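Throughout, read-outs are computed from the coordinates displayed, never taken from laboratory work. Source: prediction; values computed, not measured. Note: ideal-geometry Cβ built from the backbone for every residue, glycine included; neighbour counts use all protein chains shown.
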Amino acid sequence: MRVRLRLFRDGKYVLKEFDLDVEDSPTVLEILQRIKEIDPTISFRAMCRSSVCGTCAVKVNGEHKLACNTRVSGEEVLIEPADGYAPIRDLVVSHEEIFEPMKRNKIWLVPREENLRLSPSQLGKTSKAWDCILCGICNSVCPPLLEGRDFGGPSLITKLYSVEEDPRDSLGEERLKDVLQLNLQNCVHCSNCNLFCPKGCMPERWVSLLEGKLVQKGYIQKKTEDFGFLGF
Ligand code: SF4
Ligand code: SF4
Ligand code: FES
């Protein structure tokens, strides 16, 4: 298999190619580890190897994927850094764009004093959003973010929804005022985030639900025109 790597080196992108003997269908991460043995200078990021840590997102043949859970076959594969993040080196991009807004907007559970027991239906309401591993793939395919529009973005909003709707959080609806700064109305509801999220977190659903809540509470006006570039 010919592996083509588009790497960020010394301020510009360069292409490096490697020919590997591969059996079956290796994961992209296995391929990168094989290449690292040939060229130890190649940099990429990965930790858990099991779709949990969220660190290994790259572009594989033009689509954003987790390197550790994506198998490839065929004659050739192209691996590139994820879009929408500042490149650091080779396939490694900055994740500050994911974590800094979370810190700024205090998006973490602030537990109540009492120990609440949640029913399965209460848990079910947020469990998909809690599955988010902050890999950032949804942001890499989000048109308003890629266009530089002022928008919180799907990963941030997914995490926000999981805490805002969780009965164990002591801030609850107080968080809605902070949500206003995230300009939810800049989401074009294209569903790219739903399509490419490797954990099936359905970020667009949480954007829509929070947007609806802000309209219902009178914080924002309902949009009169609302369609994405896909037109639905
Ligand atoms: S919502 Fe999905 S794609 Fe987005 S950061 Fe979380 S796990 Fe990754
Ligand atoms: S649905 Fe909204 S949040 Fe998801 S990718 Fe499209 S514009 Fe971004
Ligand atoms: S290495 Fe952890 S998600 Fe891929």
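Descriptive notes on the structure:
- Relative contact order (percent, whole number), region 96-216, Cα cutoff 8 Å, 6+ residue spacing: 32 percent
- By other beta-carbon atoms within 10 Å, ranking 47, 1 with the fewest at the front produces 47, 1.
- The chain - percent relative contact order, Cα under 8 Å, separation 6 or more: 17 percent
- Neighbour counts of other Cβ atoms within 10 Å put 56, 68 in the fewest-to-most order 68, 56.
- A straight line joining the Cα centroids of region 120-138 and region 150-201 runs 11 Å.
- Gyration tensor over the Cα atoms of the chain: the corresponding equivalent ellipsoid has semi-axes (square roots of 5 times the eigenvalues, largest first) of 36, 20, 16 Å.
- Each peptide in 75-84, 104-113 gets a packing score, the mean of other Cβ atoms within 10 Å over its residues, and the list from highest to lowest is 75-84, 104-113.
- Ascending count of other beta-carbon atoms within 10 Å, so fewest first, for 64, 95: 95, 64
- Placing a label point 7 Å from the Cα of residue 146 along the Cα-to-Cβ line, no residue of region 1-34 has its backbone N under 13 Å from it.
- Residues with amide H under 5 Å from that of residue 9, placed H, sequence gap 5 or more: 14, 90
- Cross-link pairs exceeding 21 Å between alpha carbons, from the set 159/199; 59/103; 103/213; 177/223; 103/159; 159/213: 59/103; 103/213.
- Distance from the Cα centroid of region 206-221 to that of region 12-30 is 45 Å (rounded to whole angstrom).
- Taking a sphere under 11 Å around the Cβ of residue 201 and counting the other residues whose Cβ falls inside, with K and R at +1 and D and E at -1, yields a net charge of +2.
- Set of region 48-81 residues, backbone N closer than 16 Å to the point 7 Å along the Cα-Cβ line of residue 9: 79-81
- Counting only DSSP H runs of at least 4 residues, each contributing -39500 (n - 2.57), and dividing by the residue count of the chain, the helix-based mean residue ellipticity at 222 nm comes to -9000 deg cm²/dmol.
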